[in-house]
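Please read through the structure below; I'll follow up with questions.
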């Protein structure tokens, strides 16, 4: 008998499992390209959580915490998300990307390298290479959407085998994301990423709503209409661009909740997670 989608959602969300943390891995064995120092903040890495006792290769999601490109909220927007994804048998991989003095395209290059690294290690980590997505929160949502609109196929002639891998995510999950560098942007994120006086060309190049194409990966977005820090217009602009290019997209607008949606707890946080799981686990969703 076919289980109803809602019943399946409840069943999967109630599973009690513990992810295995395989460890934290530097994205480059030597100094990262463009590194200006030798401190932890100069060394991007990923922390890999794999569902325990998975019967077959699992989906995986690269997680980009937010923080306005000035810091990283790596707890409730990072490692806690990996634990939550484990409950539905999805690997969570938390990205530590470079910030502050590092401007565009350094964070994007870190995200690309992380996606390539996941694909390169898919067999070893028991990951399905065709079900690797990216999730981002706030400024991390901007990074995730930038990855989804600026990916490349890899360089098959490169001596580094990781660089031969594609950096394209198979799907995007954007949670109260910064999207645009235009009039509706979050100024702190824009300044931290682009500097005080970016050119219009640079602004447009990383305004993700302007970079959508017919090949942009499918996306789920969630945003509170009462978010006064990152306006809901950001998500609306991206969803409209996706629709204009006939790309699959779902935008959930929550009627309540400040930016951060409770920062890991409360009804607004539960609401976005429930909506996200419905999308992920839908029979026609990205994990089908």
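Every number in this text was worked out from the coordinates using simple rules, so none of it is lab data. All figures in this text were calculated on a predicted structure; none of them were measured in a lab. Because the Cβ atoms are built from the backbone with ideal geometry, glycine has one as well, and the counts that use them run over all protein chains shown.
Which residues does a label at residue 265 reach in the range 214-236, if reach means a backbone N under 18 Å from a point 7 Å past the Cα toward the Cβ?
none
I'd like the distance between the alpha-carbon centres of the range 135-158 and the range 15-79, rounded to an integer number of Å.
If you average the Cα positions of each part, the centres end up 15 Å apart.
Rank by packing, highest mean first: peptides 82-92, 136-146, with packing defined as the count of other Cβ atoms within 10 Å averaged across residues.
For the peptides 82-92, 136-146, the packing ranking is 136-146, 82-92.
Hey, another quick one. In the Gaussian network model of the chain, springs joining C-alpha atoms below 10 Å, which of 211, 196, 39 carries the largest mean-square fluctuation?
39
Grab the beta carbon distance between residue 204 and residue 53, set R0 = 45 Å, and tell me the FRET efficiency rounded to 0.05.
Given R0 = 45 Å and the Cβ-Cβ separation, E is 0.45.
At R0 = 45 Å, how high is the FRET efficiency between residue 153 and residue 197 if r is their beta carbon distance? Nearest 0.05 is fine.
0.85
Taking the Cα of residue 228, stepping 7 Å toward and past its beta carbon, and measuring to each backbone N in the range 236-279: which are under 15 Å?
Counting only backbone N, you get 256-261.
Evaluate the relative contact order of the chain (contact order divided by residue number), counting alpha-carbon pairs under 8 angstrom at least 6 apart; express in whole percent.
15 percent
For labels at residue 183 and residue 244 in the simple 7 Å Cα→Cβ model, what's the distance in nm?
My value for the distance between the label points is 1.5 nm.
When the Cα atoms of the range 5-281 are enclosed in a convex hull and the volume is divided per residue, what value in Å³ results?
Measuring per residue, one finds 127 Å³ for the Cα hull of the range 5-281.
Moving to a separate point now. Nearest 500 deg cm²/dmol is fine: what mean residue ellipticity at 222 nm does the chain get from its DSSP H runs of n ≥ 4 alone, each adding -39,500 (n - 2.57), divided by its residue count?
-8500 deg cm²/dmol
Turning to a different aspect of this structure: Past the 17 angstrom mark, what percentage of all C-alpha to C-alpha distances in the range 71-162 do you count?
I get 53 percent for the Cα pairs in the range 71-162 exceeding 17 Å.
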